[in-house]
1. Within 10 Å of each residue's Cβ, count the other Cβ atoms and sort ASP23, ASP55, ASP6 from fewest upward.
2. With labels modelled as points extended 7 Å from the Cα through the Cβ direction, what inter-label distance (nm, one decimal) is found for LYS48 paired with ALA156?
3. To test your reading of the geometry: what angle, between 0 and 90 degrees and rounded to tens, separates the Cα axis of helix 200-216 from the longest principal axis of the chain?
4. So what is the calculated 222 nm ellipticity per residue for the chain, using -39500 (n - 2.57) for each DSSP H run with n of 4 or more, over all residues, to the nearest 500 deg cm²/dmol?
5. Would you please give the FRET efficiency between ILE176 and ALA116, computed as 1/(1 + (r/R0)^6) with r the Cβ-Cβ distance and R0 = 25 Å, to the nearest 0.05?
6. Pop the C-beta distance of ARG136 and GLU35 into the FRET formula with R0 = 22 Å and round what comes out to the nearest 0.05.
7. Figure the gain on full extension for LYS191 and MET1 (residue separation times 0.36 nm, minus the Cα-Cα span) and round it to one decimal in nm.
8. Taking H placed 1.01 Å from N in the peptide plane, check which residues at least 5 places from ALA183 or on another chain put their amide H under 5 Å from its amide H.
Amino acid sequence: MKFFIDTANLNEIKEAYDLGVLDGVTTNPSLMAKEGISGEANVKAHYKAICDIVDDNVSAEVIATDYEGMIREGKELAKIDNKIVVKIPMIKDGIKAIKYFHNEGIRTNCTLIFSAGQAILAAKAGASFVSPFVGRLDDISFDGIDLIEQIVNIYANYGFATQVLAASVRHSMHLIKCAEVGADVVTCPLKVITGLLKHPLTDSGLAQFLADHAKAAGK
Ligand code: E4P
């Protein structure tokens, strides 16, 4: 199972990378705006800075929603670094753009997936990743984890190479449930990854070990 961090914040990306368990980064226009990044040159420089931290898999999203625009922007993004995965929205022209990039050998991440039908279309077009949004489905009383399981099963039935990238993963239990149903990748904020560390019995057990060691050493 791969771990991607869902942020455009360079410090958080470095912290996750230093932990030794990070396989990639996902960004979106909202996350870039949160870091105050705007303007073509700044956006490209920021993606390059992210690529310089991690080993691979940096999703960079197109802003255009028409076929020609997505192709133009996607090609520019892909030129930044070979770690870039072009992120394309799940719309009709997006499917055509995914097919184009697949034929060109450029990796894509089809984003804003909320149904199994959308995931089938994206896989047929040759997406490298699909991003079903778990938390946003939970927000409106649909079970996001059920959708991950459904897509994992469908892709297994046909041997699709597209990886299921569970997105909008908001807490550690989401991550564990994604692992149970076989998501290939999860993308989440840093706090979700560090949340996996926590257990009160680990803390109290360690405190006891250190106290016993100190006692035996006569401290
Ligand atoms: C996916 O790539 C999205 O950037 C992200 O996971 C959305 O998460 P949110 O629903 O918490 O904004």
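Bear in mind these aren't lab numbers, they're just calculated from the coordinates by the rules spelled out. Keep in mind that what you see is a predicted model, and the values were worked out from it rather than measured. Here the Cβ is made from the backbone with ideal geometry for all residues, glycine too, and neighbour counts use every protein chain on show.
1. Ordered by Cβ neighbours within 10 Å, fewest first: ASP55, ASP23, ASP6.
2. Output for this residue pair reads 4.4 nm.
3. 40 degrees
4. -16500 deg cm²/dmol
5. 0.70
6. For R0 = 22 Å, the calculated efficiency reads 0.55.
7. 66.6 nm
8. none
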